[in-house]
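Undergrad: Questions regarding the structure given below will be posed in turn.
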Amino acid sequence: MPKVTVDGVEIDVPQGATVLQACEMAGKEIPRFCYHERLSIAGNCRMCLVEVAPGPPKPQASCALPTAEGQVIKTDSPMVKKAREGVMEFLLINHPLDCPICDQGGECDLQDQSIAYGRGATRYDENKRAVTEKYMGPIVKTQMNRCIQCTRCVRFAEEVAGVEDIGAIGRGENMQITSYLEHAVASELSGNIVDLCPVGALTSKPYAFEARPWELTKTLGIDMMDAVGTNVRIDSRGRQVLRVLPRINDDVNEEWASDKTRHHVDGLTRRRLDRPYVRKDGQLVEATWAEAFEAIKAVNAGKSVAAIAGDMADCETMFAAKALINALGSTLLEGRQTGLDYDVSSLSAVNFNTGIAEAENADMILLIGANLRWEAPLINTRIRKAVWKKGAKVFAIGPEKDQTYKVAWLGDDASLVAKLPAAALDALKGAERPLIIVGGGGLAVPGIHGAALALAKSVNAVKDGWNGFSVVHMAASRMGGLMLGYAQPGGIKDIVAAKPKLAFFLGADEVDFTDFAKTLKVYVGHHGDKGAHAADVILPAAAWTEKDFTTVNTEGRVQRSEKAVFAPGDAREDWSIFRALADTLGVSLGFDSFDACRAAMIAAVPALGVEGVADYGWSASKLPAKPEARAIPSPIQDFYLTNAICRASPTMQRCSDEILHGGEYAEAAE
């Protein structure tokens with residue numbers, strides 16, 4: 001490890017570290033615009049200048065300079081101060097005075113660094129250059145006069161998102177950043193370039209002119225749009241969520257978030273259920289809570305009652321519903337609303353055992369019925385990193401989709417899992433860290449789960465220090481629901497066969513409601529979607545931003561989210577709905593508050609009380625391993641419209657229409 005001296009302090013730095021990293025290890029702040037820890041080094045902005053000896057008697061860009069034994073680095077010398085002031089002066093030559101109307105105002109790197117390192121006045125009075133606005137789709141708003149050509153957006157699109165839709169044209173003063181032919185950026189991660197932009201050139205189009213950062217209340221939360229468990233910050237004002245931003249968690253989402261996570265928020269205020277409804281004479285009519293509860297009691301269901309959890313149900317909600325169902329004498333619980341019935345006798349066999357962060361260390365990957373780009377975009381970035389940085393090879397069985405990296409497609413015949421082609425089988429056997437990923441399409445075909453487990457055993461994918469068998473779920477509620485017992489041996493078909501007189505649908509909108517024609521259907525949810533249209537009784541509940549809750553992601557990581565805003569109208573938090581209904585039905589749930597509900601849940605399932613990855617052990621069930629010869633279905637048909645909140649979101653509707661279906665939208669200037 002080289003020894004370097006930073007402002008008089010000698011430190012050891014890792015081999016290959018840059019001077020900028022050495023300075024940060026010594027506790028020195030180095031300004032930068034183009035450098036980013038998760039992107040390649042460009043050396044464009046020159047803001048990170050420092051003085052280094054031995055070396056030429058001039059400041060050097062610390063981001064692109066490797067450390068060497070005996071270097072003496074100065075970050076606060078007069079030479080460095082003057083050089084940074086000069087660089088800042090150059091950067092501001094063409095920058096417009098847009099701060100009062102710029103959405104980046106208050107959280108702008110250029111503002112902060114110009115105050116800290118700038119001169120306070122400029123010596124240039126030439127006309128500023130003007131750049132036409134670029135069109136990048138429904139997510140990203142451009143104001144390219146402000147661009148300082150740091151190229152962070154270009155590098156992110158190419159290196160992380162894996163789409164070459166953003167690039168630079170022209171040279172020198174005429175250089176411009178633009179999307180390809182000014183079409184919408186065809187990436188489910190495009191919103192991240194807004195966070196990366198150090199100036200106001202790229203801002204969030206749905207959030208434009210909505211609020212200033214100092215007006216917002218910031219709440220820590222966990223995203224429920226998919227099963228990755230993205231750590232987010234919920235920014236709200238009053239009773240409305242205005243935006244959702246990612247938080248840094250290197251074990252889960254690094255510092256990225258999918259566009260669905262960021263921009264479904266305008267759906268939180270639309271199509272909301274804010275009062276109870278009861279169906280009378282074929283029509284849903286408004287009712288009081290007491291009337292809705294009495295309509296449920298009037299069925300006299302006895303033990304003939306069931307609960308089906310939707311994709312965004314949290315653990316406390318599912319536990320409260322389970323407590324009510326059990327108190328009534330039933331055990332009919334199911335969370336796989338679309339009809340999946342894979343074996344859950346071993347939770348480790350349906351878990352992403354490798355770990356999201358560890359997936360990038362795999363050297364050979366087999367995807368089985370998994371469209372990771374849509375099912376779990378932030379797991380897909382890890383696989384891309386394994387391919388792009390470490391040379392991993394990827395084979396895939398299933399419908400052919402662009403995954404943003406090179407994939408050898410073996411076909412979409414499910415029987416291939418049991419008789420893998422020799423090239424793929426040999427590659428798996430010869431790999432040091434093989435990774436087999438089963439997606440939603442794979443779980444939908446009987447026999448694939450067992451065949452994948454048998455394959456993992458035959459290629460030694462599970463060994464000391466490495467578990468290469470992983471399942472990717474699409475529903476945020478899935479692993480928590482399985483831990484709470486929301487799984488019948490035959491899936492939802494068992495509940496249909498039981499013909500319950502009363503069924504609770506916990507935000508479950510993807511159920512085939514024709515199977516419950518003779519059942520009183522009680523929809524406990526927050527949006528007027530498919531479930532509410534089919535329901536006989538609607539009990540308005542809180543959305544994920546409107547309650548404290550526990551959730552478990554696809555790798556078994558237990559995480560907790562905090563309440564950001566209040567639910568609208570008469571809507572109530574889900575646990576309290578079941579607690580109040582229990583009184584009407586004459587049973588006891590054993591808790592009277594949210595804290596008591598959570599404590600009872602933890603007592604029943606202790607793993608839900610410890611934040612972090614739950615330990616399921618490893619036990620592969622012996623399952624039938626001969627999938628029939630049939631095509632593996634595509635697990636997701638439309639990435640942007642996978643749940644009730646997204647379907648209520650104008651932004652998600654436009655993304656779906658424009659990016660996936662080729663719809664055209666004219667901007668105001670057109």
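Undergrad: Applying the selection to region 16-45, what residues are open to solvent by 40 Å² or more (accessible area, probe 1.4 Å), modelled with pLDDT of 90 or more and of a type outside the set (G, A, S)?
TA: Across region 16-45, the qualifying residues are Q21, E24, M25, K28, E29, E37, R38, I41.
Undergrad: Also: For region 509-566, enumerate the residues that are small (G, A, S), assigned to a loop (DSSP other than H, G, I, E, B) and open to solvent by 10 Å² or more (accessible area, probe 1.4 Å).
TA: A517, G528, A564, listed by residue number.
Undergrad: Would you point out the residue of region 356-408, among those that are among the β-branched types (V, I, T) and assigned to a loop (DSSP other than H, G, I, E, B), that is nearest to R433 (Cα to Cα)?
TA: Checked region 356-408; the qualifying residue nearest to R433 (Cα to Cα) is I356.
Undergrad: So how many residues does region 308-346 have that are in a helix (DSSP H, G or I) and either hydrophobic (A, V, I, L, M, F, W, C) or under 14 Å from F505 (Cα atoms) (or both)?
TA: Total meeting the criteria: 11.
Undergrad: List the pairs whose first member sits in region 415-430 and is under 18 Å from P627 (Cβ atoms) and at pLDDT 90 or above, whose second member is open to solvent by 60 Å² or more (accessible area, probe 1.4 Å) and of a type in the set (A, V, I, L, M, F, W, C), and whose Cβ atoms are under 8 Å apart, counting only residues at least 6 apart or on separate chains?
TA: Close Cβ pairs satisfying both conditions: S415/A629.
Undergrad: Okay, moving on. When you check G221 against the structure, is it open to solvent by less than 20 Å² (accessible area, probe 1.4 Å) and closer than 14 Å to Q143 by Cβ, yes or no?
TA: no
Undergrad: State which residue is nearest to A423 (Cα to Cα) when the search covers only region 352-409 and only residues that are polar (S, T, N, Q) and open to solvent by 30 Å² or more (accessible area, probe 1.4 Å).
TA: Among them, the one singled out is N361.
Undergrad: Where residues in region 197-210 are open to solvent by less than 10 Å² (accessible area, probe 1.4 Å) and either part of a loop (DSSP other than H, G, I, E, B) or at pLDDT 95 or above (or both), which of them is nearest to E37 (Cα to Cα)?
TA: So, considering only residues that are open to solvent by less than 10 Å² (accessible area, probe 1.4 Å) and either part of a loop (DSSP other than H, G, I, E, B) or at pLDDT 95 or above (or both), the one nearest to E37 (Cα to Cα) is P198.
Undergrad: Kindly indicate whether A444 is under 27 Å from R275 (Cα atoms), under 24 Å from the mean Cα position of the chain (by Cα) and touching a residue at least 60 places away in the same chain (Cβ under 8 Å).
TA: no
Undergrad: Next question. Return yes or no: is L641 more than 26 Å from A292 (Cα to Cα) and hydrophobic (A, V, I, L, M, F, W, C)?
TA: In short, yes.
Matching residues to (1) open to solvent by 40 Å² or more (accessible area, probe 1.4 Å); (2) in a loop (DSSP other than H, G, I, E, B):
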site	(1), (2)
A582	no, no
G590	yes, yes
D595	yes, no
K622	yes, yes
A629	yes, yes
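Undergrad: So which residues in region 439-452 are open to solvent by 10 Å² or more (accessible area, probe 1.4 Å) and within 16 Å of W618 (Cα to Cα), if there are any at all?
TA: Across region 439-452, the qualifying residue is only H449.
Undergrad: Of all residues in region 120-179, how many are open to solvent by less than 50 Å² (accessible area, probe 1.4 Å), touching a residue at least 40 places away in the same chain (Cβ under 8 Å) and either closer than 24 Å to S40 by Cα or assigned to a helix (DSSP H, G or I) (or both)?
TA: Of the residues in that region, 24 qualify.
Undergrad: Is it true that E254 is buried (at least 19 other Cβ atoms within 10 Å of the Cβ), more than 9 Å from the chain's Cα centre (by Cα) and more than 18 Å from A543 (Cβ to Cβ)?
TA: In short, yes.
Undergrad: Here is a follow-up. Among the listed residues L273, L242, L284, which satisfies the condition of being touching a Gly at 6+ places or on another chain (Cβ under 8 Å) and open to solvent by 10 Å² or more (accessible area, probe 1.4 Å)?
TA: Exactly one of L273, L242, L284 is touching a Gly at 6+ places or on another chain (Cβ under 8 Å) and open to solvent by 10 Å² or more (accessible area, probe 1.4 Å), namely L273.
Undergrad: Only one of these conditions is not met by P500: (1) assigned to a loop (DSSP other than H, G, I, E, B); (2) more than 30 Å from T217 (Cα to Cα); (3) open to solvent by 20 Å² or more (accessible area, probe 1.4 Å). Which number is it?
TA: Result: P500 passes all but (3).
Undergrad: S330 - would you say it is open to solvent by less than 20 Å² (accessible area, probe 1.4 Å), more than 28 Å from the chain's Cα centre (by Cα), among the hydroxyl-bearing types (S, T, Y) and closer than 24 Å to K499 by Cβ?
TA: Values: open to solvent by less than 20 Å² (accessible area, probe 1.4 Å): yes; more than 28 Å from the chain's Cα centre (by Cα): yes; among the hydroxyl-bearing types (S, T, Y): yes; closer than 24 Å to K499 by Cβ: yes.
Here the answer is yes, as S330 does meet what is asked.
Undergrad: Pick from region 99-119 the residues that are under 14 Å from V199 (Cβ atoms), touching a helix residue (DSSP H, G or I) at 6+ places or on another chain (Cβ under 6 Å) and touching a residue at least 60 places away in the same chain (Cβ under 8 Å): which of them is most open to solvent (accessible area, probe 1.4 Å)?
TA: E107
Undergrad: Would you mention how many residues in region 456-472 are out of contact with any helix residue (DSSP H, G or I) (no Cβ under 6 Å at 6 or more places or on another chain), open to solvent by less than 10 Å² (accessible area, probe 1.4 Å) and either assigned to a loop (DSSP other than H, G, I, E, B) or hydrophobic (A, V, I, L, M, F, W, C) (or both)?
TA: So the count comes out to 3.
Undergrad: Taking the options Y616, Y640, name whichever one is of a type in the set (S, T, Y) and under 23 Å from K205 (Cα atoms).
TA: One residue alone meets the criteria, Y640.
Undergrad: Go through region 419-438 and count every residue that is surrounded by fewer than 17 Cβ atoms within 10 Å (Cβ to Cβ) and either touching a Leu at 6+ places or on another chain (Cβ under 8 Å) or among the acidic types (D, E) (or both).
TA: Of the residues in region 419-438, the ones surrounded by fewer than 17 Cβ atoms within 10 Å (Cβ to Cβ) are 419, 421-423, 425-426, 429-430, 432.
Next, from what is left, pick out any that are either touching a Leu at 6+ places or on another chain (Cβ under 8 Å) or among the acidic types (D, E) (or both): 421, 426, 432.
So the count comes out to 3.
Undergrad: Hey, does region 217-230 have a residue that's within 16 Å of the chain's Cα centre (by Cα), assigned to a helix (DSSP H, G or I), under 17 Å from W256 (Cβ atoms) and not aliphatic (A, V, I, L, M)? Explain how you work it out, then say what you get.
TA: Step one: filter region 217-230 for residues within 16 Å of the chain's Cα centre (by Cα), giving 220-230.
Then drop every residue that is not assigned to a helix (DSSP H, G or I), which leaves none.
Looking for residues that are within 16 Å of the chain's Cα centre (by Cα), assigned to a helix (DSSP H, G or I), under 17 Å from W256 (Cβ atoms) and not aliphatic (A, V, I, L, M), one finds none in region 217-230, hence no.
Undergrad: Further, regarding this structure: Name the residues in region 637-665 that are buried (at least 18 other Cβ atoms within 10 Å of the Cβ) and within 19 Å of A475 (Cα to Cα), would you?
TA: Passing the criteria: F639, Y640, L641, T642, N643, A644, I645, C646, R647, A648, S649, M652.
Undergrad: Another question about this same structure. Please go through (1) acidic (D, E); (2) in contact with a Pro (Cβ under 7 Å, 6 or more places away or on another chain); (3) without any contact (Cβ under 8 Å) to a residue 24 or more places away in the chain for E51 and return the number of the only condition it doesn't satisfy.
TA: The one condition E51 does not meet is (3).
Undergrad: Follow-up question, since we're still on this one. Go through region 220-234 residue by residue and tally those that are out of contact with any helix residue (DSSP H, G or I) (no Cβ under 8 Å at 6 or more places or on another chain) and either within 26 Å of S179 (Cβ to Cβ) or of a type outside the set (A, V, I, L, M) (or both).
TA: 3
Undergrad: So is D615 of a type in the set (D, E), open to solvent by 30 Å² or more (accessible area, probe 1.4 Å) and assigned to a helix (DSSP H, G or I) or not?
TA: No: the conditions fail for D615.
Undergrad: If you scan region 409-447, which residues turn out to be assigned to a helix (DSSP H, G or I) and touching a helix residue (DSSP H, G or I) at 6+ places or on another chain (Cβ under 7 Å)?
TA: A414, V417, G440, G442, L443, listed by residue number.
The values are calculated or read from the model by the stated rules, or taken from the named source; none is laboratory data. Remember, it's a predicted structure, so these values are computed and weren't measured experimentally. Cβ: placed from backbone, ideal geometry, glycine included. Neighbour counts: every protein chain shown. Accessible surface areas use protein heavy atoms only, side chains included; no ligands, DNA or RNA. Shrake-Rupley method; radii C 1.70, N 1.55, O 1.52, S 1.80 Å.
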